[in-house]
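Scroll down for the structure; my scribbles are underneath it.
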Amino acid sequence: MYEYVRGMQDHKNAGKLTTDAALDPAGLVAIAIAHALALFVGVSMAANISGGHLNPAVTFGLAIGSNITIITGLFYRIAQCLGSIVACFLLQFVTGGLAVPTHGVADGMNGVQGVVMEIIITFGLVYTVYATTVDLKKGSLGTIAPIAIGFIVGANILAAGPFSGGSMNPARLFGPAVVSGDFSRNWIYLVGPLIGGGLAGVIIGNVFIGSYQTLPASEDYA
């Protein structure tokens, strides 16, 4: 844990589990698997309470696609950001006051490139959510839905982690920004994921699924 947090202090190497936060294949695979498993469990646990909403970008995409109300989505996003802030304060406490770093794009990339990368991978995430939880043609997928959602997050981290960090989640970056007081790069992970989630809501939710689906969509695993 201490090596993880110490490595996180350099935003370019954020999210690594290896010694000195080296960005090697083993470290990238480890963090991708950790995120995939944690999201699978988190979505499964919250499915019967809130529909499994853990990500403001996913919530926004589902609201755009008219699968939850705008007001419900707003409350979910507030709760997600508050949860991120509390988690970061707890992390700071249990690690003896070590700094909570913010995220950032890799060397050689600029903010616009980071936004585009986040749009692409968040679109893929929200597409997966729609395909496994909202589309009535899917049938009953049960626990396959949160597993698929966890897997797409892990795959996106493997693909985009070395470049944009592979966040896909504005709340994941909002908490560290609040606790550290550094909002300098937070806009990348607010703009990119919200655009990606919104586009998925419009294209998948309203155009493809909305063209034939007339029954109320389930909020499970959203």
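Quick note: the coordinates plus some simple rules give every number you see, no bench work behind them. Being a predicted model, the structure only gives us computed values, none of them experimental. Note that we place each Cβ from the backbone using ideal geometry, even for glycine, and neighbour counts take in every protein chain shown.
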**Study point:** Surrounding net charge for residue 174, when Lys and Arg each add one and Asp and Glu each subtract one, Cβ distance under 15 Å
**Key:** +1
Review point. Simple spin-label model, 7 Å along Cα-to-Cβ: residue 207 to residue 95 in nm?
Key: 4.1 nm
